[in-house]
Amino acid sequence: MGRYVLSGKGTFWMGDASNGGEFTAGDLVFFKRRIVHALPRILEEAMAFLSFDTPRRYPKDIIFVNSEDGTPENFIRRKEQWNLYA
């Protein structure tokens, strides 16, 4: 899975919080399949990513460490639900 950072700046980690760094607009960040990862801090607003998964992931593969942070259903939305003018 990869994310191309369109705007903003933040931090990420893979595996655990000791294995991470910062990202900013123009960076391409890859996360290994089945490895716990996080984007814990926004350092500059407004964050925008172009995300891609190959092969396409099954939405139920997404597990939030803290269930209050989200659900697979609200993390991956169908195209019909996108609000490009929000």
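Please treat every number below as a calculation from the coordinates, not as lab data. This structure is a prediction, so every number in the text was calculated from the model and none was measured. Heads up, the Cβs are rebuilt from the backbone with ideal geometry, glycines too, and the neighbour counts pull from every protein chain shown.
Determine the sum of side-chain charges near residue 9: Lys and Arg each +1, Asp and Glu each -1, restricted to other residues whose C-beta is under 15 angstrom from that of residue 9.
Numbers: positive: 3, 41; negative: 22, 27, 44, 45.
Surrounding charge for residue 9 is -2.
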TODO: Count charges around residue 23 for me, please; just the other residues with Cβ under 15 Å from its Cβ, Lys/Arg as +1, Asp/Glu as -1.
DONE: -1
Task: Burial ranking of peptide ranges 12-23, 61-72 (average Cβ count within 10 Å, highest at the top) - done: 12-23, 61-72
